[in-house]
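Just below is one structure, and these are the notes that go with it.
The values are calculated or read from the model by the stated rules, or taken from the named source; none is laboratory data. Keep in mind it's a predicted model, so treat the numbers as computed, not measured. No Cβ is skipped: glycine too gets one built from the backbone with ideal geometry, and neighbour counts run over all protein chains shown.
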Amino acid sequence: MILIYAIISLSILAILIRRDFSTIGQMPFRGGWKLGLFVLGLFLLQAVFVIYVSGQNIIQMLLVISSQIVLALLFLLNRHIPGAKLFALGIILNTVVMLANGGWMPITPETYHSIRPERNVELQARAPASKGIMLEQHETNLWFLTDIIPVNYFGHKNALSIGDVLILVGIAQFFFLATPSKDKNEPASRASQVNTSP
């Protein structure tokens, strides 16, 4: 959810500082709309059968991992787009640590309690409405890549991984490098109008 809030906030900020979003539609997108819809479908399935359904069965785990891998491949395919490389690297790091810990993103009881003090989750159980599994630090492989960074975003508490941070930086890079300033474009457009006027 923090990623969604961050995207909304960055969009609002980009609008306030007058970024030109019309250039986004002119970017060459590799993979086509069919691949884009396929990725969207995977994440919708993930939301329906993983995020909002309890349990840790093999189908849920495969759905999570496959959607992560396909999304990373989509961004690598479009690595010419600003922010795509960082986004893909963030997803790859998250996927690696999940594969190293049974297909789920580990979070320590201490970190989870700092963001959800009202909930009690048993060790090796999946936290409600998340892809996180409760593991002690000494039982976690590649602990430094797990959800170790507690954040409070206007009252919405969550924990981020290094991969999540890279994804956020990639999103910010996209918003502010893929969209030029309208203030820079306006003088050029006015000049062209003057030159073409009779």
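Some notes on this structure:
- Residue count, the range 57-82 (criterion: under 16 Å from Gly102 (Cα atoms) and of a type in the set (A, V, I, L, M, F, W, C)): 8
- Neighbours by Cβ (under 8 Å, 6+ apart or cross-chain): first from the range 132-160, over 15 Å from Thr95 (Cα atoms); second among the acidic types (Asp, Glu): Met134/Glu122; Ile149/Asp164; Ala159/Asp147
- Helices (runs of 4 or more DSSP H) contained in the range 46-152 and holding at least 3 residues under 30 Å from Met27 (Cβ atoms): 58-77, 84-99
- For the range 24-38, a residue qualifies if it is aliphatic (A, V, I, L, M) and closer than 18 Å to Ser67 by Cβ, and the qualifying residues are Leu35, Leu37.
- If you go through the range 22-43 and keep only what is assigned to a helix (DSSP H, G or I), among the aromatic types (Phe, Trp, Tyr) and surrounded by 12 or more Cβ atoms within 10 Å (Cβ to Cβ), you end up with Phe38, Phe43.
- Among the residues of the range 1-21, those that are modelled with pLDDT under 75 and either under 19 Å from the mean Cα position of the chain (by Cα) or part of a helix (DSSP H, G or I) (or both) comprise Met1, Ile2, Leu3, Phe21.
- Test: Leu71 is over 18 Å from Leu168 (Cβ atoms), buried (at least 17 other Cβ atoms within 10 Å of the Cβ) and either among the basic types (Lys, Arg) or in contact (Cβ under 8 Å) with a residue 24 or more places away in the chain (or both): no
Results for (1) surrounded by 12 or more Cβ atoms within 10 Å (Cβ to Cβ); (2) touching a residue at least 12 places away in the same chain (Cβ under 8 Å); (3) closer than 19 Å to Gln173 by Cβ, shown as yes or no for each residue.
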{"position": "Leu45", "(1), (2), (3)": "yes, yes, no"}
{"position": "Gln60", "(1), (2), (3)": "yes, no, no"}
{"position": "Ile65", "(1), (2), (3)": "yes, yes, no"}
{"position": "Pro82", "(1), (2), (3)": "yes, yes, yes"}
{"position": "Thr95", "(1), (2), (3)": "yes, yes, no"}
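- Out of Leu63, Leu89, sole residue that is under 14 Å from Ile167 (Cβ atoms) and among the hydrophobic types (A, V, I, L, M, F, W, C): Leu89
- Ile91, sole failed condition from (1) surrounded by fewer than 15 Cβ atoms within 10 Å (Cβ to Cβ); (2) at pLDDT 90 or above; (3) of a type in the set (A, V, I, L, M, F, W, C); (4) within 27 Å of Gln173 (Cα to Cα): (1)
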